[in-house]
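Below: one structure, written as structure tokens.
The values are calculated or read from the model by the stated rules, or taken from the named source; none is laboratory data. Please read these numbers as outputs of a predicted model, since none were measured by experiment. Here Cβ is always computed from backbone atoms with ideal geometry, including for glycine, and neighbour counts include all displayed protein chains. For the accessible areas, the whole protein counts, side chains as well, though only heavy atoms, and no ligand, DNA or RNA atoms are used. Shrake-Rupley method; radii C 1.70, N 1.55, O 1.52, S 1.80 Å.
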Amino acid sequence: MTAAIYLNDLGVVCALGEGRAAVASALFADAPGGLSDNDTLLPGQTLALGEVRTPLPALDDLPVGLRGRNNALLDAALAQIAPSVQAAIARYGASRVAVVLGTSTSGIGESEQALRTRAETGEWPLGFDYAQQEMGTAAQFVRQRSGALGPAWTLSTACSSSAKALMSAARMLRAGIVDAVIAGGADSLCRFTVAGFSALESVSALRCNPFSQHRCGINIGEGAALFLLTRDAGPVQLAGWGESADAHHMSAPDPKGLGAIDALQQALQRAGWDAQDVDYVNLHGTATGHNDAMESVAVAQVLGTAVPASSTKPLTGHTLGASGAIEAAVCWILLAENPGHRLPPHWWDGSADPALPPLPLVAPGTRLARAPQRVLSNSFAFGGSNAVLALQGVAA
């Protein structure tokens, strides 16, 4: 019998706040929050961004190569699950606790600052280390900070990165390689990503408007979410997952959604669910023309048009490599700490695109008659890297 995998604990920090209680309060608030205006990352423009505004750890006690905003976000999330991590290390041994993370920026922001200094002065600034930019730095940091000594690596597959990190953690647990995994991801705001998506004409200056006929692009965000995964029963089970790589285009999704459909079907099959078993879908929902069109087609084909769905990116921004983990965190809260049976609202202008299948987007204040039990979370990335998580609440 295949071992069940559980998400035993969660630490999260994003534009909605730091910690599960703060995120839940802002998530289910009567008005949309999270995003704030920023006029520094794209010179000459003010953009709505999902910026973390709570103070972050300084990391001054660490080697320079491990310092930076990305790792500070991870540190804030890790601190929330530290007791559970230390209990796992004490129970299983440090070598049986692994780290698998997803990111797309790593320390690019620190490199940007260093390059500006070098351009102005001709010298690299003191306290800069190129290692800050290495993708593997995230896993190295969490491994050192937590005391885990098992395998550790970082995945970088754009917006599916941290969803795939959870899948990778589950496979390692099922293989018996380790007994616990710290898994999730982080991404931090920087000029590189904002300018890059702006060059693709994919950034909205205002709060994004997913699935509207007036949608005009994404809001970039930042944050981190970390889970402790084990085979021991916990509040939320990673019941299944699906992933595909359709390689349709470098940045545009397959308009037929074939890869997304495949990932959705795999997730249902692994979980042993039928479409009617799903209580809610957290959509990738970037508010770009191509993504929303593709995703609505894929969801409608696999699940029909009756399953409640929403995009939480108008609240968190699109956190890129961290989005899979942060949106899994939203689902974890929905399943484990949601006595009101609420569903995450879909904040938009309400003007549906008549060219898209009519998904039942969750209105603010929506509650189910019973506790939600089974949810899907979609993450669709550049290059046709598609990932879907199937999460199930565990009755107390």
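Measuring only protein heavy atoms, the 1.4 Å probe finds R207 accessible over about 80 Å². For the chain, the square roots of the Cα gyration tensor eigenvalues, ordered a ≥ b ≥ c, give a/c of at least 1.5 with a/b no greater than b/c, which places it in the oblate category.
Which residue, L27, S84, T46, has the largest displacement toward the positive end of the dipole of segment 17-103 when charges sit on each Cβ (Lys, Arg +1; Asp, Glu -1)? Looking along the dipole axis, the top candidate is S84. Take the Cα of V394, step 7 Å toward its Cβ, do the same at Y130, and the gap between the two points is 4.5 nm.
In the chain, Cα pairs under 8 Å separated by at least six residues give a relative contact order of 23 percent. The residues packed around W153, meaning those with a beta-carbon under 13 Å from its beta-carbon, carry a net charge of +2 if Lys and Arg are +1 and Asp and Glu are -1. Here the calculated FRET efficiency for R116 and A275, from their Cβ-Cβ distance with R0 = 56 Å, stands at 0.65, rounded to the nearest 0.05. Put simply, the Cα atoms of segment 101-253 extend 52, 49, 28 Å along their principal axes, the longest span coming first.
The overall shape of segment 93-168 is oblate: from the C-alpha gyration tensor, with semi-axes ordered a ≥ b ≥ c, the ratio a/c is 1.5 or greater and a/b is no larger than b/c. Antiparallel DSSP bridges in the chain: what percent, to the nearest 5? The antiparallel fraction comes to roughly 70 percent. Per residue, the chain exposes an accessible area of 38 Å² to a 1.4 Å probe, with every protein chain left in place. Our estimate of slack between S95 and F382, defined as 0.36 nm per intervening residue step minus the Cα-Cα distance, is 99.9 nm. Taken along the Cα-to-beta-carbon direction at a fixed 7 Å, the label points for A306 and D37 span 4.5 nm. Among residues other than G107 with Cβ under 10 Å from its Cβ, the summed charge is -2 (Lys and Arg +1, Asp and Glu -1). Computed with a 1.4 Å probe on the full set of protein chains, the accessible area for D279 sits at about 10 Å². Using just its DSSP H runs of length 4 or more, each adding -39500 (n - 2.57), the chain gives a mean residue ellipticity at 222 nm of -10000 deg cm²/dmol after division by all residues.
Spatial offset of segment 319-396 relative to segment 65-88 amounts to 25 Å, using the alpha carbon center of each. The heavy atoms of F192 offer some 130 square angstrom of accessible surface to a 1.4 angstrom probe.
Just the number, please: carbon plus sulfur as a percent of the accessible area of segment 1-129, 1.4 Å probe, no ligands or DNA/RNA counted. It is 52 percent, rounded to a whole number.
Taking K164, K256 and ordering them by how much accessible surface each has at a 1.4 Å probe, largest first, produces K256, K164.
Restriction of the trypsin sites (Lys or Arg not before Pro) in segment 51-107 to DSSP coil positions whose beta-carbon has at most 15 other beta-carbons within 10 angstrom yields R53.
Ordered by solvent-accessible area of protein heavy atoms (1.4 Å probe), largest first, the residues W273, W124, W153, W347 come out as W124, W153, W347, W273. Full extension of the chain segment joining E337 with I177 gains 54.5 nm, where the gain is 0.36 nm per residue of separation less the Cα-Cα distance. About the centre of its Cα atoms, segment 314-378 shows a dipole size close to 300 debye [charges on the beta carbon of Lys, Arg (+1) and Asp, Glu (-1) only; nearest 20 debye]. Span-like helix criteria (full DSSP H runs; alpha carbon extent of at least 27 Å along the helix axis; mean Kyte-Doolittle hydropathy of at least -1.0) are satisfied in the chain by 69-92. The share of C-alpha pairs in segment 293-347 whose separation exceeds 20 Å stands at 34 percent.
When only the Cβ of Lys, Arg, Asp and Glu is charged (+1, +1, -1, -1), the dipole of the chain relative to its Cα centre reaches about 820 debye. Among L229, L206, the order of accessible area from largest down is L206, L229, computed with a 1.4 Å probe on protein heavy atoms. Expressed as a whole percent, the accessible surface of segment 192-256 that belongs to carbon and sulfur atoms is 60, based on a 1.4 Å probe. Distance between the 7 Å Cα→Cβ label points at R53 and L200: 2.8 nm.
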